[in-house]
Amino acid sequence: MVKKDINIVIFGSTGTIGINSLNVIRNSKTHKILALSAGKNIELLIKQITEFKPKYVSVSNKIDKIELQKKFNEIKFFDGDEGLKTLATLNNADLIISAIVGFAGFIPTYYAIKNNKKVALANKESLVAGGFLFSKKEIKNMIPIDSEHSAIAQILQNRDKKTIKRLIITASGGPFLNYSKKEMENITKKDALNHPNWSMGDKITIDSSTMVNKTLEIIEAHYFFDLPYEQISVVIHPQSMIHSMVEFTDSSIMAQLAYPDMKIPISQAIYYPEIENFSYESMDLTKLVNISFIPPNFEKFPSLNFAKLVIENPKLGVVLNRANEVAVEAFLNDKIKWNDIYKTIKTAIENYNLANINSIEDLKKVDNEVKIFTQNLIDSFQK
Ligand code: MN
């Protein structure tokens, strides 16, 4: 029997997840790159186009599109939001990898899902900001790439939701796990970008340092596994070897272990339900002598409290997400202090109580309002 190729579209191909996805697909005999989308790293995009020969490519800017079109006349180029929408709904696309960072990733996720595409989701912000715009059935078409959710999805295969007591999401705790409150007042960009275990993009690395990443992941888990806040717990596990656990109603706990390398959850998502042979070294279990678990500290990392708030009032997700994005960018540009990230989100959430959002257009409008509000707020901090 001749199997048809699986056609893949990658959104965010020049980011960390995009690059790792291409590494996973590079030698595949069954999976082909149909389309790539990237933002501003045109130099790397050109290398990817030359190697993977997609039929369609979308970029952020029109000028880049025009230049690229001159260089590769056999490929169709697109730009902007329309480009993202076009690639997400290509007729012969079998799997969409949604790996643009931030709310920008919502557009391809949304249109792909609404067109019955299977989506491997790395862009957790899509679910946090607009998860309530998807039905439970639509969310079943999403496969998690986030390592914790990938672990839980692996554990839950063929299990009824009724058998779950709670999900136990593991967190490394980030670089400031053992900082005192006093030490947390003077955190520098260099400190915050230095994650102990994972090598990731700047935005998620800062999110890990504030634990906003875990907040987003609790909300992401709520949507993925259709469970209330009370059934989703977090435990600090500084070694990042157990990627999450599930406790069942008989109090037995199952854990998933792997080296902290995103190629593993990416491969799980791309080849699901198959498991691809990988030439990885096996984990040396005898070296895991220091596996430990610590409760999360909600007082030192108060952003964790936003998870409950958003799960109970899902329309606040877009506020949490955008305020955090603006604050992280301001921190990376040396405009605010690390502690101000929390203050920014808190103030934004307090200012938007119930947003009236019933469509993607409404969501984009509120997202933009929060962006302006938060930018003004940050300007007021500096004075
Ligand atoms: Mn994660």
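Values in this text are rule-based calculations from the coordinates and carry no lab data. A quick note: this is a predicted structure, and the numbers were derived from the prediction, not measured. When we count neighbours, we look across all protein chains shown, and the Cβ atoms used for this are built from the backbone with ideal geometry, even at glycine.
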Eligible lysines near Lys182 by straight Cα distance, threshold 16 Å, same-chain separation 8 or greater: Lys300, Lys337
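I'd like to compare 127-136, 321-330: which one has the highest average count of other Cβ atoms within 10 Å, and what's the full order after that? Don't skip to the end; give the middle numbers.
Numbers: 127-136: 21.1, 321-330: 25.0.
Order by mean packing, descending: 321-330, 127-136.
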From phi via Karplus (6.51, -1.76, 1.60), per-residue ³J(HN,Hα) for the range 243-248 in Hz, x at Gly/Pro: 8, 3, 9, 10, 9, 8
Per residue convex hull volume, Cα atoms of the range 6-123, in Å³: 88
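Counting other C-beta atoms within 10 Å, which of Asp340, Asp379 has the fewest, and how do the rest follow? Can you show the working numbers first?
Details: Asp340 18, Asp379 11.
The order, fewest Cβ neighbours first, is Asp379, Asp340.
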Table column - 3J(HN,Hα) (Hz), the range 282-287, Karplus curve with 6.51, -1.76, 1.60, x for Gly and Pro: 6, 5, 8, 4, 5, 8
Built amide H within the under 5 Å cut-off of Asp79, gap 5+: Val59
Cα-based reach from Lys71 at 13 Å (exclusive), listing aspartates and glutamates while leaving out same-chain residues under 8 positions away: Glu43
For Ala258, distant residues with modelled amide H under 5 Å away: His243
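Can you give the calculated 222 nm mean residue ellipticity of the chain, where each DSSP H run of n ≥ 4 adds -39,500 (n - 2.57) and the sum is split over every residue, rounded to the nearest 500 deg cm²/dmol?
Working: 16 runs with 165 residues, N = 383.
Computed ellipticity for the chain at 222 nm equals -13000 deg cm²/dmol.
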5 angstrom amide H check on Ile97, placed H, neighbours 5+ away: Val9, Ile10, Phe11, Ala120
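Going by how many other Cβ atoms sit within 10 Å of their own, how do Ser240, Ser267 line up, fewest first?
Ser240, Ser267
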Subset of Lys65/Lys137; Lys62/Lys308; Lys65/Lys114; Lys165/Lys308; Lys136/Lys190; Lys76/Lys214 violating a 29 Å alpha-carbon distance limit: Lys65/Lys137; Lys62/Lys308; Lys136/Lys190; Lys76/Lys214
For the chain, diffusion coefficient by Stokes-Einstein and Kirkwood Rh (Cα), 37 °C, 0.692 mPa s, µm²/s: 153
Those aspartates and glutamates that a straight Cα-Cα span of less than 13 Å connects to Lys162, excepting residues fewer than 8 apart in one chain: Asp226, Glu247, Asp250
